[in-house]
Amino acid sequence: MARILALDFGTKRTGVAVTDELKLIASGLTTVDTKELMQFLKDYFRKEKVELVVVGEPKQKDGTASQSEVYIQSFLEEFAKQFPTMPVKREDERFTSKMAFQTMIDSGLKKKQRQNKALVDEISATIILQNYLYNV
């Protein structure tokens, strides 16, 4: 069985989350320097069977695309060239960073640990993936 992988794309770092093979549980995988994201994906797809990639879709409160969508579209064009057979779905990622930060507080992480932006990105990717699984 194959997994679903989710990305919380950022210009500096990208949070990555993945499901188990039964596609029941979303777990944070890692945070990758965005410059190294394509190579990370190539390596990961070689090791693991992935049937779908879910990419966060940042929107303003009014539902219009956020400014970072330009960078995501550029990434998606390159992704389609590198992995032409890999399907991509988009998932609204509004408020995921705030939800990730609240998750960190609720889990008892100390203030110093909550300042780890890479962890916020990884948790955000997990929330994006959980939302996708819930809405399917």
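The values are calculated or read from the model by the stated rules, or taken from the named source; none is laboratory data. Treat the numbers as computed from the prediction; the structure is a model and nothing was measured. Note that we place each Cβ from the backbone using ideal geometry, even for glycine, and neighbour counts take in every protein chain shown.
Restricted to the range 9-26, and to residues that are among the hydroxyl-bearing types (S, T, Y) and closer than 17 Å to M86 by Cβ, which residue is surrounded by the fewest Cβ atoms within 10 Å (Cβ to Cβ)?
T19
Here is a yes/no grid of residues against (1) among the aromatic types (F, W, Y); (2) surrounded by 17 or more Cβ atoms within 10 Å (Cβ to Cβ); (3) at negative phi; (4) free of Cβ contacts under 8 Å to residues at least 24 places away in the same chain:
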position	(1), (2), (3), (4)
G28	no, yes, yes, no
T31	no, yes, yes, no
K42	no, no, yes, no
K47	no, no, yes, yes
V50	no, yes, yes, no
V53	no, yes, yes, no
T64	no, no, yes, yes
S68	no, no, yes, no
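Go through the residues of the range 74-92 one by one and say whether even a single one is at pLDDT below 90 and in contact with a Lys or Arg (Cβ under 9 Å, 6 or more places away or on another chain).
yes
Would you please name the residue that is farthest from K35 (Cα to Cα), looking only at residues in the range 59-82 that are part of a loop (DSSP other than H, G, I, E, B) and under 17 Å from the mean Cα position of the chain (by Cα)?
S66
Report whether or not A100 is in contact with a Leu (Cβ under 7 Å, 6 or more places away or on another chain) and either of a type in the set (K, R) or part of a helix (DSSP H, G or I) (or both).
No, not satisfied.
Looking only at the range 125-136, which residues are surrounded by fewer than 19 Cβ atoms within 10 Å (Cβ to Cβ) and either of a type in the set (D, E) or in contact (Cβ under 8 Å) with a residue 40 or more places away in the chain (or both)?
Passing the criteria: L133, N135.
Just the residues that are out of contact with any Phe, Trp or Tyr (no Cβ under 8 Å at 6 or more places or on another chain), over 17 Å from T11 (Cα atoms) and either among the acidic types (D, E) or surrounded by 11 or more Cβ atoms within 10 Å (Cβ to Cβ) (or both), please, taken from the range 70-86.
Listed by number, the residues that qualify are A80, Q82.
Within the range 45-57, is there a residue that is under 22 Å from I4 (Cα atoms) and at pLDDT below 95?
For the range 45-57, residues under 22 Å from I4 (Cα atoms) and at pLDDT below 95: present.
For the range 103-126, which positions are in a helix (DSSP H, G or I) and more than 15 Å from G10 (Cα to Cα)?
T103, M104, I105, D106, K111, K112, Q113, R114
Output the qualifying pairs, or none if there are none: Cβ atoms under 9 angstrom, residues six or more apart or on different chains, first residue in the range 107-124 and among the polar types (S, T, N, Q), second residue surrounded by fewer than 19 Cβ atoms within 10 Å (Cβ to Cβ) and in a loop (DSSP other than H, G, I, E, B).
N116/L109
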